[in-house]
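All of the numbers you see were taken from the coordinates with simple rules; none came from a lab. Owing to the predicted nature of the structure, the values given are computational and were not obtained by experimental measurement.
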Amino acid sequence: MIEFLGSGFIGALLGGLFRLAPEVLKFFDKKDERSHELKMFTLQTDLEKMRGEFRMEEKYVDFSKTSLDAISDAFKQQGEADSKAWKWVASVSALVRPGIAWVLFGLYTAVKLVIVNYAVLSNVHPLEIIRMVWTPEDFGILLMVLTFYYVGRPIEKYTGR
C-alpha cells in the first residue's frame, strides 16, 4: 500500500511539476521580454536625446551663419560708404577700432605701471611684484590679442575676406 501511495505521490508531484513548467517558462520569458523592452526604451530615449542635440547644433550653425552674414553685410555697407566719402573721413573711420584698441592698451599699461610703482615704493620683493602684475587673466588677455592678430588675420587673408 505504501508503494501504491508513494508512486501516486510521485506521479502527482511529477504531474504538478509538468503542469507548472510552462508557467515558469512563461514567467522567465516575460522577464526577458520586459528586459528587452526596457533596453529598447533606453535606446529610443538615447536616440531622441541625440536628435535633440543635433537639432540644437543645427540651430547654432544657422545662428552663426546668420551672424556671419550680417557682419559681412555690415562690412560691405561700410566699404561702400567709405568709397563714397571723402578720403579723410574714410581714414578716420578706418582708425576707430585700432584707436580704441590703443587707448585701452594705454589705460591697461598705465594701471600696471601704477601697480608696479606702488609696489616698488612699498619695498615689495621683485618676484612678488611680478606675481601681482602678471596674473593668469593678463596671460589670457595676451593670448587673446596674439591669437587675434597672428591667427585671425592670416585666416582672413587666406579666405579672401
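Listed here are the pairs 65/157; 39/59; 39/65; which of them are more than 27 Å apart at the Cα?
Result: 39/59; 39/65 exceed 27 Å.
Mind listing the phi-derived Karplus ³J(HN,Hα) values for segment 115-129, rounded to whole Hz, using 6.51, -1.76 and 1.60 with θ = phi - 60°, and x for any glycine or proline?
Along segment 115-129, the couplings run 5, 4, 4, 4, 5, 5, 5, 8, 6, 7, 4, x, 5, 5, 4 Hz.
On a straight-distance basis, which lysines could pair with residue 87 in a cross-link, Cα separation under 23 angstrom, same-chain partners fewer than 8 positions away excluded?
Candidates past the 8-residue exclusion: 76.
Got a sec to turn the phi values of segment 95-107 into Karplus ³J(HN,Hα) couplings, 6.51 cos²θ - 1.76 cosθ + 1.60 with θ = phi - 60°, whole Hz, x for Gly and Pro?
Along segment 95-107, the couplings run 8, 5, 5, x, x, 5, 4, 5, 5, 5, 4, x, 5 Hz.
Taking a cut-off of 17 Å between Cα atoms, list the aspartates and glutamates near residue 49, but don't count ones fewer than 8 places away on the same chain.
Correct list for residue 49: 57, 58.
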